[in-house]
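A short worksheet on the structure shown next.
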Amino acid sequence: MGVAARRVDMLKELSATATEQIDVTKEDATERLQTLIGQLGGMDLFFYASGIGKQNRELEEAIELATMQTNGLGFTRMIGEAYRYFAKQGCGHIAAITSIAGTKGLGPAPSYSATKAMQNVYLQALEQQAKSRGLKIHFTDIRPGFVDTALLSGDFHYPMMLKPEKVAKEIITAINRHQHIRVIDWKYRLLTALWRRIPKCLWRHIRL
């Protein structure tokens, strides 16, 4: 198993066959991924879990652009590299953590919800392309709700918070079953089903 992360201190805590420091916002990220693949002798599963998110009601430029850089460009850069690798290999599995935030545009977090919607559609598009090209590449779009991690630490209280251990188990199940989309957990599956049905003319007037 190979593991890559931006923070070197986190890599030191992991037990893996090979590790590599990768910052998805840097242009050398794909080269570093290929280095990691080379150390492992190949790759069958690419699991992507990089992303940032923050409420930005005042629409601060730095926050919006950093979110776009990581969740948009970084995501496209790394998922694209994995796709090209598997296309050349002829098979593989791409699994990525996106979010239920892509269901509709969220006023408190504009760039976050926008980039998550982009990620959902990008994976869908690649899956269609792979099928058209006759490539045996599987895709799993993992969409959690609020998870009790450092990303959501702070004074704001998030409802329906999920435990990381529970989320991890559902992720493993989804990957092993080659599920196309996995919303975690049942409460969020119900929430998103109802959320999608809210008309745009009503959604734009809801205060969050």
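Could you please give the count of residues in region 24-49 that are without any contact (Cβ under 8 Å) to a residue 60 or more places away in the chain and open to solvent by 40 Å² or more (accessible area, probe 1.4 Å)?
13
What is the one condition in (1) of a type outside the set (A, V, I, L, M, F, W, C); (2) in a helix (DSSP H, G or I); (3) open to solvent by 60 Å² or more (accessible area, probe 1.4 Å); (4) more than 18 Å from residue 115 (Cβ to Cβ) that residue 58 does not satisfy?
(2)
Being part of a helix (DSSP H, G or I), among the aliphatic types (A, V, I, L, M) and free of Cβ contacts under 8 Å to residues at least 60 places away in the same chain is the filter here; which residues of region 173-207 pass it?
Matches in region 173-207: 190, 193, 194, 202.
Please work out if residue 25 is in contact with a Ser or Thr (Cβ under 8 Å, 6 or more places away or on another chain), within 17 Å of residue 115 (Cβ to Cβ) and either basic (Lys, Arg) or part of a loop (DSSP other than H, G, I, E, B) (or both).
Judged against the criteria, residue 25 is a match.
Could you identify the single residue in 117, 130, 125 that is at pLDDT 95 or above and within 24 Å of residue 61 (Cα to Cα)?
117
Could you pull out the residue among 76, 67 that is surrounded by fewer than 17 Cβ atoms within 10 Å (Cβ to Cβ), over 21 Å from residue 184 (Cβ atoms) and out of contact with any strand residue (DSSP E or B) (no Cβ under 6 Å at 6 or more places or on another chain)?
76
Which pairs have Cβ atoms under 9 Å, sit 6 or more apart or on different chains, and link a residue in region 84-98 that is on the phi > 0 side of the Ramachandran plot and surrounded by fewer than 18 Cβ atoms within 10 Å (Cβ to Cβ) to one that is of a type in the set (Val, Ile, Thr) and part of a strand (DSSP E or B)?
90/137
When you look at residue 131, is it basic (Lys, Arg) and under 11 Å from the mean Cα position of the chain (by Cα), yes or no?
Here the answer is no, as residue 131 does not meet what is asked.
The values are calculated or read from the model by the stated rules, or taken from the named source; none is laboratory data. Here the structure is a predicted model, which is why all the values come from computation and not from measurement. Counting neighbours? That spans all protein chains shown, and the Cβs are built from the backbone with ideal geometry, glycine included. SASA here: full protein model, heavy atoms, side chains in, ligands and nucleic acids out. Shrake-Rupley method; radii C 1.70, N 1.55, O 1.52, S 1.80 Å.
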